[in-house]
Amino acid sequence: MRTIITLLAATAGLSGCTGGSYSNDEAFGDPGKDDTSTESDTDTDTDTDTDTDTDTDTDTDADADTDADADSDSDTDSDSDSDSDTDTDLCENSWFAVHEPSYYREYDMTVYDFVSNAGAAGTGYLEAYGQGYTGTGQPAWVYIDAADGNGSGWDGEVYLTCDYGGEEGLFIAEWDMSILAMGSPMAAPYAEISPPRKVFPPAYEVGGAGSWTYSDTANMTDPSFGSFTAESSGTFVDGGFEEITLYDGSKHDAFKLTNTYTVTISLMGQTINGVQELWYVENLGLVKEINTNTDTATVIISRDLTSYSGLAP
């Protein structure tokens, strides 16, 4: 059980980079909302145009002048208004790159391994999943987060909302995760983060955002373990820019963000303290992560970018 809790700590919304969300069976649609622009253009067009044109014209000039001015004016202005715009007012952020429509990033990873109780080498990816809605109907950016190391890892969706409580930036609101152990699903927690946690500053503040604190509760439900919570608190610090060399030898100025956190999971009353370091490249997003349990000096998660598509840094 303890190994499950440790990985839950790694995926309990400690950043905007792991997790999942509301089980949205309607592809990115709020149940009861028409995703293709709910702009209710009723346009009944009551243009009756009776055109009485009586034209008596007595003109004795034998000119029968029947004036067949039929002017039926059928005015078939059906105005179907297909307006296919996706109708979103979500924020965009070139450093997080969550708004790009078809991005895919693959990583070499360290993933906490249930068998050895240590980090195991593995792979993972982050992939665009489009726009959706949270369980409370708020619009959100959605992406898939998946990882596997020696049969342990996760696979799920993360929902990010924008500009919460008068603050600008990206906020993690929900996630829906399948957790793997020894190659098989072991848990499938769904979490609502209350209040949503700010995990990234607005693009114009990157490099000068200073720091911000958070304190929230991930209210989780799982088919096997029932309902439980993860109480989290911590501080994000803007670390400015560092030159980073990617897998292809290219060099970039990367934005560094550090999250120092404490999380307590009610299922076993276990508290974990950690530090998460994250590096982002503009128009590419997350390129490197190191998440360390500082109580045991164990790396819970690490990521190093190995390939990408749908992005142009």
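The values are calculated or read from the model by the stated rules, or taken from the named source; none is laboratory data. The shown structure was predicted, so the numbers you read here are calculated from the model rather than taken from an experiment. When we count neighbours, we look across all protein chains shown, and the Cβ atoms used for this are built from the backbone with ideal geometry, even at glycine. Just so you know, the surface numbers come from the protein's heavy atoms only, side chains and all, with ligands and any DNA or RNA stripped out. Shrake-Rupley method; radii C 1.70, N 1.55, O 1.52, S 1.80 Å.
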Checklist line | Sites Ser211 and Asp163, calculated FRET efficiency, Cβ-Cβ separation with R0 22 Å, nearest 0.05 | finding: 0.75
Checklist line | Accessible area of the range 241-313 divided out per residue, in Å², using a probe of 1.4 angstrom | finding: 41 Å²
Checklist line | Net length gained if the chain between Tyr104 and Ser184 were fully extended (0.36 nm per residue, minus Cα distance) | finding: 26.3 nm
Note to self: Run the numbers for Glu277 and Tyr204: contour at 0.36 nm per residue of separation, minus the present Cα-Cα distance, in nm.
What the structure shows: 24.2 nm
Notebook entry, point to check: Counting only the heavy atoms of the protein chains, how much of Met182 is accessible to a 1.4 Å probe, in Å² to the nearest 10?
Noted result: 130 Å²
Margin query: At 1.4 Å probe size, what's the solvent-accessible area of Ile172? Round to the nearest 10 Å².
Written below: 0 Å²
Check: Which value, in Å² rounded to 10, gives the accessible area of Phe241 with a 1.4 Å probe and all protein chains present?
Finding: 100 Å²
Notebook entry, point to check: Looking only at the range 129-149, which residues have a backbone nitrogen under 15 Å from a spot 7 Å from the Cα of Thr306 in the C-beta direction?
Noted result: 146-149
Notebook entry, point to check: So, counting K/R as plus one and D/E as minus one, what does the shell of residues with Cβ under 11 Å around Glu106 add up to?
Noted result: -1
Checklist line | Förster radius 22 Å - calculated FRET efficiency between Glu243 and Val299 (Cβ-Cβ, nearest 0.05) | finding: 0.45
